[in-house]
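Take a look at the structure set out below.
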Amino acid sequence: MATKEELLKAKIPCPETGIEIRHTLCDICSPGSHCGIDAYVKDGVVIKIEGNKNHPLNRGLLCTKGASNRQYIYREDRVRTPLKRTGPRGSGSFEPISWEEAYQTISEKLLGYKQSFGAQSVFFFSGYSKWYRPILQRLCYSFGSPNYGTESSTCFTSGLMAWETATALPARPDMRNSRLFLGWAHNPYYTGYLSARNTERLKKQGVKFIIVDTMYTQTVEKIADLFLQPRPGTDGALALAIANELITNGWVDYEYIEKYVHGFEEYAEYCKGFHAGNIEALTGVPCEKVKQAAQMIHEYGPMSIRESSAPLGHHANGMQNYRAIMALSAITGNYDRKGGQTPAPFTYTHQSSGYHTWEHKFVREARKSSMAAAVGAQRFPLWNELEKEAQTMDLARQIRQGTPYPIKALLAFGMNFRMFPGSDQHMKKALEELEFFVDVDLFMTDTAKYADIVLPACSSFEREEFKSYPGGYAYYTKPVIPPLYESRPDTDIMCDLARYMNLNDPLLKAGYRACLNYILSPISYSVEQLQEADTPLKVPEFHPHEEYATISRGLNTPTGKFELKSELIASHPEWGLDPLPTYRAPYEGEDETLYPMFLTEGGRLPNALHSRLHDVSWLRTLRPKASAEIHPEDAAAHGIAEGDLFELSTANGSITVTALISRRIPRGMVSLYHGYREANYGNLIHQDRLDPYSGFPAFRSSTRCRISRKGEAHE
């Protein structure tokens, strides 16, 4: 019989040890995952983390990030109390204040700016996490400001806009019924580990895989039947060349096109410009591989496609590249087809779960028609038309220039100024010039140091929240430990501010649960019923996504069809945008002699997500140094050895990183891993290097560069 000491050492939950297993979720990465967690709790402290085997998403599995949750929530730099700045912006000099003083100060300041400069002078921003976004968006609109903006101004939304222009609905691959999978920038071993298991299972079942990536990844090594390796930002040209090969050989579905596709003739004519004579020069991909890809698409349908939103969106031509890739599903008859691309309407916070909520009604009913145009509306009119929110890539400019109207105050949740291009020269200076800045976060980040008031937020272990999951699941968590220090849930802060400012919004004033019960009105469960279950429940109103098939009934596009030629864009020639998915080469107008190499940034690491985890000691030990990959021949040409320091320079600035010598990338390219404060990629690119369609920054093909050795390898 084990002794109590032995049971405690083994962390066995039982009456003798006082250890309990409580359930929550991991919200470190994007809402597409949020895996179920078993938290081992003793005396109000989390002592161990495991995956929840009964959770419908992860079934007991966790990635390196999820496994680090205990270290994450107990970091030493947790913000412990509300703070008021006492020194210069950026100095990190603060003094504790009460929640009452913080709320009073914030309310008086925001209402004062509203009275003096209009509600639009106050900007409401969401970074990570994303669970509270409908509440913040409604707070913004109830306040009267159009300026709700998020980090999704650089993530995911570009791809969503591409689908909206083509079909008016998002879509996702029906991989389990495919015979061919086209994975464009698909590397689940580093991003979305749960789909890696499904990918391997489908491979064993005989599904064929074409993988397109600028790097030779684990997915290429383990899965690919065919690997295409274009240069960064040339994906659109490659997709158009594959389409041209399909059309030339008559390998498209003309009956489907006639019924359901708009603009094919003009599109097909444009595709003729991408052919055997120029495609390798344009993309780096040999023509024979393009032909092989087209042959496989012809032979192995149905085909599904996964277009990874960040690698494809982070280019000055990103949304158009994305549209060109999606067009392959239309011309082959694979949109709204079993085994192809399945329409997937959103349930909640961009999660497609197969049931309906009133999220959009909850948000939009608070929006006033008389509001001013949001930040970025003039500069990025397609974004403004489709997304109806601020494009935050234009925020720093508007703060600094004050046009078309001034931005005086910023209420931010989880903001990171390094997500903005030209961050030190542009966004950081904008924060310095702001009259009033509030930042809500778990940690005293570099961005929080520029705030006038910092408020402490809870982790997912310390709060309750609603989450929807694929397959028709709904989940409402309970806190597994009390809020640490004086922290509060983000939604409590938002609803408290609605009360302190006495906004005309009884629902917000009633609190988070009241808001959610309203949002969940279309389903059978209330918040209270969901919370009683302790694990996700299957919603009775769930309908499989196959039942959302819409193309035969007509899409909600101007023509009712899949639009290869966007009639929305065509109806606004003043925007200066192309209705067809046209291609524009990256790196245009740059000095190839002075900067001979291509620079790409943003490659994922399995131990990090942006910069959120670089201060978690467990994870930092896996990749402790800011680093970049270079090809062995490029390294040899510059006298650089593995682990050496080298300077990476562009026309906008330079940083110093550690060399990783790798054949995973082609010659002439540098791949920089991001999120390290000591090697800020944002300083290497110009703040105006943005996609005119989506406003997305060109992180993945922003600029040319050069490299030079700085020092020997370090231990």
Answer yes or no as to whether THR392 is hydroxyl-bearing (Ser, Thr, Tyr) and open to solvent by 10 Å² or more (accessible area, probe 1.4 Å). no
Cβ pairs under 6 Å, 6+ apart or interchain, first in the stretch 296-311 and polar (S, T, N, Q), second open to solvent by 30 Å² or more (accessible area, probe 1.4 Å), ordered by first then second residue, are SER309/PHE156
Residue within the stretch 425-441 that is under 19 Å from the mean Cα position of the chain (by Cα), open to solvent by less than 60 Å² (accessible area, probe 1.4 Å) and touching a residue at least 12 places away in the same chain (Cβ under 8 Å) present: yes
Condition broken by GLU678, with the remaining ones in (1) open to solvent by less than 10 Å² (accessible area, probe 1.4 Å); (2) outside any loop (DSSP other than H, G, I, E, B); (3) of a type outside the set (A, V, I, L, M, F, W, C) satisfied: (1)
Criterion violated by PHE346 - all others in (1) in a helix (DSSP H, G or I); (2) out of contact with any helix residue (DSSP H, G or I) (no Cβ under 6 Å at 6 or more places or on another chain) satisfied: (1)
Those residues of the stretch 162-187 which are part of a helix (DSSP H, G or I) and crowded, with 24+ Cβ neighbours inside 10 Å amount to ALA162, THR165, ALA166
Out of all the residues in the stretch 652-667, which are assigned to a loop (DSSP other than H, G, I, E, B) and surrounded by 15 or more Cβ atoms within 10 Å (Cβ to Cβ)? ASN652, GLY653, SER662, ARG664, ILE665, PRO666
I'd like the residue in the stretch 199-245 that is touching a strand residue (DSSP E or B) at 6+ places or on another chain (Cβ under 7 Å) and aromatic (Phe, Trp, Tyr) and, out of all such residues, is surrounded by the fewest Cβ atoms within 10 Å (Cβ to Cβ). PHE227
Please work out if LEU609 is closer than 17 Å to MET419 by Cα, modelled with pLDDT under 90 and in contact with a helix residue (DSSP H, G or I) (Cβ under 7 Å, 6 or more places away or on another chain). yes
Test result for LYS408, surrounded by fewer than 17 Cβ atoms within 10 Å (Cβ to Cβ) and touching a helix residue (DSSP H, G or I) at 6+ places or on another chain (Cβ under 8 Å): no
Requiring at least 1 residues that are of a type in the set (Phe, Trp, Tyr) and open to solvent by 30 Å² or more (accessible area, probe 1.4 Å), the helices (runs of 4 or more DSSP H) wholly within the stretch 469-572 are 490-500, 512-519
Within the bounds of the stretch 2-18, is there any residue that is open to solvent by less than 40 Å² (accessible area, probe 1.4 Å) and assigned to a strand (DSSP E or B)? no
Please state which one of ILE28, ILE21, ILE37, ILE47 is closer than 30 Å to ARG197 by Cβ, out of contact with any Gly (no Cβ under 6 Å at 6 or more places or on another chain), of a type outside the set (Asp, Glu) and open to solvent by 60 Å² or more (accessible area, probe 1.4 Å). ILE21
Give just the number: which of (1) in contact with a Ser or Thr (Cβ under 8 Å, 6 or more places away or on another chain); (2) open to solvent by 30 Å² or more (accessible area, probe 1.4 Å) does THR621 not satisfy? (1)
Name the residues in the stretch 573-590 that are in contact with a strand residue (DSSP E or B) (Cβ under 7 Å, 6 or more places away or on another chain) and open to solvent by 20 Å² or more (accessible area, probe 1.4 Å), would you? GLU590
Subset of the stretch 349-370 [assigned to a loop (DSSP other than H, G, I, E, B) and open to solvent by less than 30 Å² (accessible area, probe 1.4 Å)]: THR349, SER352, SER353, GLY354, TYR355, THR357, ALA366
Identify, please: which residue in the stretch 626-640 is assigned to a loop (DSSP other than H, G, I, E, B) and touching a residue at least 40 places away in the same chain (Cβ under 8 Å) and is, among those, most open to solvent (accessible area, probe 1.4 Å)? HIS638
Checking the conditions here, which among LEU111, LEU169, LEU139, LEU180 is of a type outside the set (Ser, Thr, Tyr), on the phi < 0 side of the Ramachandran plot and out of contact with any helix residue (DSSP H, G or I) (no Cβ under 7 Å at 6 or more places or on another chain)? LEU111
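Residues checked against (1) under 31 Å from the mean Cα position of the chain (by Cα); (2) among the hydrophobic types (A, V, I, L, M, F, W, C); (3) not in a strand (DSSP E or B):
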{"residue": "PRO88", "(1), (2), (3)": "no, no, yes"}
{"residue": "LEU110", "(1), (2), (3)": "yes, yes, yes"}
{"residue": "TYR113", "(1), (2), (3)": "no, no, yes"}
{"residue": "SER116", "(1), (2), (3)": "no, no, yes"}
{"residue": "PHE123", "(1), (2), (3)": "yes, yes, no"}
{"residue": "LYS130", "(1), (2), (3)": "yes, no, yes"}
{"residue": "GLN137", "(1), (2), (3)": "yes, no, yes"}
I'd like to verify a number: residues in the stretch 246-293 that are under 14 Å from LEU580 (Cα atoms) and either touching a strand residue (DSSP E or B) at 6+ places or on another chain (Cβ under 6 Å) or buried (at least 16 other Cβ atoms within 10 Å of the Cβ) (or both), how many? 8
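The values are calculated or read from the model by the stated rules, or taken from the named source; none is laboratory data. Small disclaimer: the values here were computed from a predicted structure and weren't measured. Note that we place each Cβ from the backbone using ideal geometry, even for glycine, and neighbour counts take in every protein chain shown. All accessible areas refer to the heavy atoms of the entire protein, side chains included, with ligands and DNA or RNA removed. Shrake-Rupley method; radii C 1.70, N 1.55, O 1.52, S 1.80 Å.
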